[in-house]
1. Residue under question is residue 6, and the condition is that it be modelled with pLDDT of 95 or more, within 13 Å of residue 133 (Cβ to Cβ) and acidic (Asp, Glu); does it hold?
2. Among the listed residues 190, 162, identify the single one that is in contact with a His (Cβ under 7 Å, 6 or more places away or on another chain) and either assigned by TED's automatic domain parsing to the domain that holds residue 81 or among the hydrophobic types (A, V, I, L, M, F, W, C) (or both).
3. Looking at 38, 28, 52, which one is among the aliphatic types (A, V, I, L, M), out of contact with any helix residue (DSSP H, G or I) (no Cβ under 6 Å at 6 or more places or on another chain) and closer than 22 Å to residue 199 by Cα?
4. Only one of (1) outside the structural domain of residue 209 (by TED's automatic domain parsing); (2) in contact with an Asp or Glu (Cβ under 9 Å, 6 or more places away or on another chain); (3) surrounded by 14 or more Cβ atoms within 10 Å (Cβ to Cβ); (4) not small (Gly, Ala, Ser) is not met by residue 37, so which one is it?
5. Farther than 26 Å from residue 86 by Cα, surrounded by 13 or more Cβ atoms within 10 Å (Cβ to Cβ) and aliphatic (A, V, I, L, M), is that true of residue 128?
6. Of the numbered conditions (1) more than 18 Å from residue 151 (Cβ to Cβ); (2) polar (S, T, N, Q); (3) in contact (Cβ under 8 Å) with a residue 40 or more places away in the chain, residue 92 satisfies every one except a single condition; which is it?
7. Of these, 13, 60, which one is touching a His at 6+ places or on another chain (Cβ under 6 Å) and at pLDDT 90 or above?
8. Suppose we keep only residues that are farther than 12 Å from residue 167 by Cα and at pLDDT 95 or above within region 179-190. Which one would you say is farthest from the chain's Cα centre (by Cα)?
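The values are calculated or read from the model by the stated rules, or taken from the named source; none is laboratory data. Note that the structure is predicted; figures quoted are calculated from it, not measured. Positions of Cβ are generated from backbone atoms using ideal geometry, with glycine treated the same way; all protein chains shown enter the neighbour counts.
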Amino acid sequence: MAHFRDRADAAKVLVSLLPAIVDRDWVIAGLARGGIPIAARIAEALGAPMEILIVRKVGVPGNAELALAAVTGPGPERMVVNETVRRFHRLSPDDVNRLSGPAVAEVSRRRKRWLGGAAELDLHRRRVLIVDDGMATGTTILAAIRVVRQLGAAQIGVAVPVALGSALHGLPADIAPVLCPHPADAASSVGEAYESFPQVADDEVPALIAKLKARAKS
């Protein structure tokens with residue numbers, strides 16, 4: 001049974017759950033691509049700045065939706081591997097590195113298209129709320145947390161409308177707040193939590209960025 005009409009409805013629910021500690025001084029970081037529309041609405045509600053985290057899932061051969069790993073750029077420090085999935089599918093670390101190549105290239109492509117080769121985000125000593133449209137295995141969120149830590153964030157929170165199974169249990173203990181109106185959901189995929197769950201188009205991303213920048217200047 002679906003919990004939300006669409007991502008806009010999910011964002012409305014998350015906004016209603018925001019604790020007082022999360023205010024306009026936080027950076028709302030949307031995971032590309034599905035988390036961006038939700039993050040944009042949260043940022044707008046708070047009057048807070050928004051940034052984009054470009055994370056790409058590395059799927060298991062034959063099952064692209066099952067996350068073997070997630071990457072935020074080149075190099076082992078920018079990759080989180082789901083070791084349970086890797087061992088179950090009998091994949092070696094070399095296999096993971098080989099399979100991650102297209103994902104790393106896609107991160108680079110998206111960064112160039114959406115951000116124009118802009119410098120790495122300045123999150124030093126900032127409080128950052130990472131937003132996505134759902135958690136399946138949690139691998140993608142963990143990759144986002146890793147890069148935000150590397151960029152020096154003082155505090156990291158997570159907001160997702162739905163988390164499947166035990167995905168939330170894999171979050172580091174210092175992540176706070178964690179906002180999820182439907183934790184431990186029994187659905188087989190994040191999309192089942194939505195009545196309408198279209199893929200966010202590439203062209204929607206720069207439009208949302210432009211809208212937020214215009215709002216910040218007004």
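1. Values: modelled with pLDDT of 95 or more: yes; within 13 Å of residue 133 (Cβ to Cβ): yes; acidic (Asp, Glu): yes.
Taking the combined requirement at face value, the residue satisfies it.
2. None of the others qualify; the one that does is 162.
3. 52
4. (1)
5. So residue 128 fits the description; yes.
6. (3)
7. Working: 13 fails: touching a His at 6+ places or on another chain (Cβ under 6 Å).
Exactly one residue qualifies, and that residue is 60.
8. Among those residues, the one meeting the criterion is 181.
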